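Below is one structure, written out as structure tokens; comments come after it.
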Amino acid sequence: MGKFPPVIVSMLLAAALAAAPCAVAQKAPPTCRDDAMLVFDASGSMAGTDFNNPPTPRIAKVKEALGKVLPEVAATRNLGLIDYGPGPANRCDNIDLLLQPAPYSAERIMTAINRLIPAGRTPLTAAVSAAARVLQFPHKSGVVVLLTDGEETCGGDPCSMARALRAQGENLTVHVIGYRMRDTATPTGYLQSRCLADSTGGLYISVETTDQLVAALQKMLGCPAVSTLLTSVPRRR
């Protein structure tokens, strides 16, 4: 094979160097400083159907919302995934780390969620605590977004755990999305879920529709999450 003349070699090298920044720009590093963990409810209640036509499992609506949100937010923030509740019914130990925080993780998160079969109970306290450990709290700051349609059912105390986290440091924020909780949770369950957010400087947002869920996910997973949206929850009289 013949050799290229020096001038051709120089031109090829210059073209390669000029193209390199374009390739890098397509996968720029996330701009968010803090990593985030999505704590996903795959308990048995997520298999329940809402009263629409045709009846649709709750988990399907949540997948639909995440499919709209994740491609955008995963380009700006390292995202990871923990689930709780899939697998055998009435189990409390089914908490799985499905993905460490990673850039551009939307497709991997959706693939993992699409495989889930909701069946178990709701160990949300232990799941949030596990997410904090994955984020290396308190040595690093981070954000936990808990998505749940029910209350703790495995003996955990969300409020005590949240206070314990806060005592370790102020660099972990827990946001909570209560999805159609009015159908499944008791007033105590509402308050327990909300105190996770209140104790850590996070948001609690109660949602009923897919559009509301999309907006809540964008606000909490986006960079940065602005803690100005407060929603009302039923108060015990």
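The values are calculated or read from the model by the stated rules, or taken from the named source; none is laboratory data. Predicted, not measured: the structure shown is a model, and the values here were computed from it. No Cβ is skipped: glycine too gets one built from the backbone with ideal geometry, and neighbour counts run over all protein chains shown.
Odds and ends about this structure:
- When the residues of segment 103-124 are filtered to those that are out of contact with any Pro (no Cβ under 7 Å at 6 or more places or on another chain) and not in a helix (DSSP H, G or I), the one that is farthest from residue 47 (Cα to Cα) is 104.
- Check on residue 111, modelled with pLDDT of 95 or more and either surrounded by fewer than 17 Cβ atoms within 10 Å (Cβ to Cβ) or touching a His at 6+ places or on another chain (Cβ under 8 Å) (or both): yes
- Segment 86-100 - residue that is surrounded by 14 or more Cβ atoms within 10 Å (Cβ to Cβ) and in contact with a helix residue (DSSP H, G or I) (Cβ under 7 Å, 6 or more places away or on another chain) and, of those, nearest to residue 152 (Cα to Cα): 95
- Hey, residue 191 surrounded by fewer than 20 Cβ atoms within 10 Å (Cβ to Cβ) and not in a loop (DSSP other than H, G, I, E, B) or not: yes
- Single condition residue 196 does not satisfy, out of (1) surrounded by 24 or more Cβ atoms within 10 Å (Cβ to Cβ); (2) free of Cβ contacts under 8 Å to residues at least 60 places away in the same chain; (3) under 22 Å from residue 94 (Cα atoms): (2)
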